[in-house]
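First up is the structure itself, then whatever we jot down about it.
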């Protein structure tokens, strides 16, 4: 039974990769996510998350993110989180160096073989997480506010995210594998966007979590990401792997 489940996981990931290459505007990506959390009191805890993303058919490091978050359990169905995410994102652009001639003419030349740079960003983050169980099904609604502070010289702006997640009541094998599905919408309050153009990203998840021990959990998922590109949409297909430890 266990071999069948892990073989199915492998087939899902391979299918996602094949699908990603079939789209001209698509890309297959691999996201690796690790997190640890620890209780301070019965209602207060801290969380550290690290995520590394590989794009261009999972061949190139394209994004690294670290999240530091404090969480307060207000009630059995509401948690509030405050923290900050630190991001380094690869941007494809030739890196050049200016040179001024004696007559004042300025010319630019490429720096070595540089064809990219790393954009840094800080994101102060606030979470409202609503959750409850109904007949064994888990329902979670995470409302996230992010203040995006990029080093690109543009104005900072607010991004609103809403993720709805449904967890199956199933607990398969001794690993307690639990399937889930989720949808997340992104709304960016950028100056250059207006109306519905600000609703510029959607993510659709299918995945499962597994309990490796009392304190360690793992998970995998397939994610379809759709990003607005003018009047059209571009897609990315993602295979994700997660590991989490609690103390």
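Tell me whether the stretch 203-213 contains one or more residues that are exposed (fewer than 13 other Cβ atoms within 10 Å of the Cβ) and within 19 Å of residue 34 (Cβ to Cβ). Within the stretch 203-213, one or more residues are exposed (fewer than 13 other Cβ atoms within 10 Å of the Cβ) and within 19 Å of residue 34 (Cβ to Cβ). When residue 148 is tested against (1) under 22 Å from residue 74 (Cβ atoms); (2) under 15 Å from the mean Cα position of the chain (by Cα), exactly one condition is not met: (1).
If you take the residues of the stretch 210-247 that are in contact (Cβ under 8 Å) with a residue 24 or more places away in the chain and not in a strand (DSSP E or B), which of them is nearest to residue 70 (Cα to Cα)? It comes out as 247.
Per-residue answers, yes or no, for (1) closer than 21 Å to residue 89 by Cα; (2) in contact (Cβ under 8 Å) with a residue 60 or more places away in the chain; (3) outside any strand (DSSP E or B):
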| position | (1), (2), (3) |
| --- | --- |
| 139 | no, no, no |
| 146 | yes, yes, no |
| 149 | yes, no, no |
| 155 | yes, no, yes |
| 162 | no, no, no |
| 169 | no, no, yes |
| 183 | no, no, no |
| 196 | no, no, yes |
| 202 | yes, no, no |
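Residues in the stretch 48-82 that are under 16 Å from the mean Cα position of the chain (by Cα) and within 24 Å of residue 131 (Cβ to Cβ): 48, 49, 50, 51, 65, 67, 68, 69. Going by the structure shown, is residue 175 part of a loop (DSSP other than H, G, I, E, B) and either free of Cβ contacts under 8 Å to residues at least 12 places away in the same chain or more than 20 Å from residue 145 (Cβ to Cβ) (or both)? Spelling it out, residue 175 is indeed part of a loop (DSSP other than H, G, I, E, B) and either free of Cβ contacts under 8 Å to residues at least 12 places away in the same chain or more than 20 Å from residue 145 (Cβ to Cβ) (or both).
If the condition is being assigned to a strand (DSSP E or B) and in contact with a helix residue (DSSP H, G or I) (Cβ under 7 Å, 6 or more places away or on another chain), then the stretch 185-194 contributes 187, 188. Test residue 157 against the criterion of being at pLDDT 95 or above, surrounded by 15 or more Cβ atoms within 10 Å (Cβ to Cβ), in contact with a helix residue (DSSP H, G or I) (Cβ under 6 Å, 6 or more places away or on another chain) and closer than 26 Å to residue 87 by Cα, and give yes or no. Answer is no for this residue. When the residues of the stretch 25-41 are filtered to those that are in contact (Cβ under 8 Å) with a residue 24 or more places away in the chain and more than 22 Å from residue 243 (Cβ to Cβ), the one that is farthest from the chain's Cα centre (by Cα) is 25.
The values are calculated or read from the model by the stated rules, or taken from the named source; none is laboratory data. A quick note: this is a predicted structure, and the numbers were derived from the prediction, not measured. FYI the Cβ positions are ideal-geometry reconstructions off the backbone, even for glycines, and counts take in every protein chain you see.
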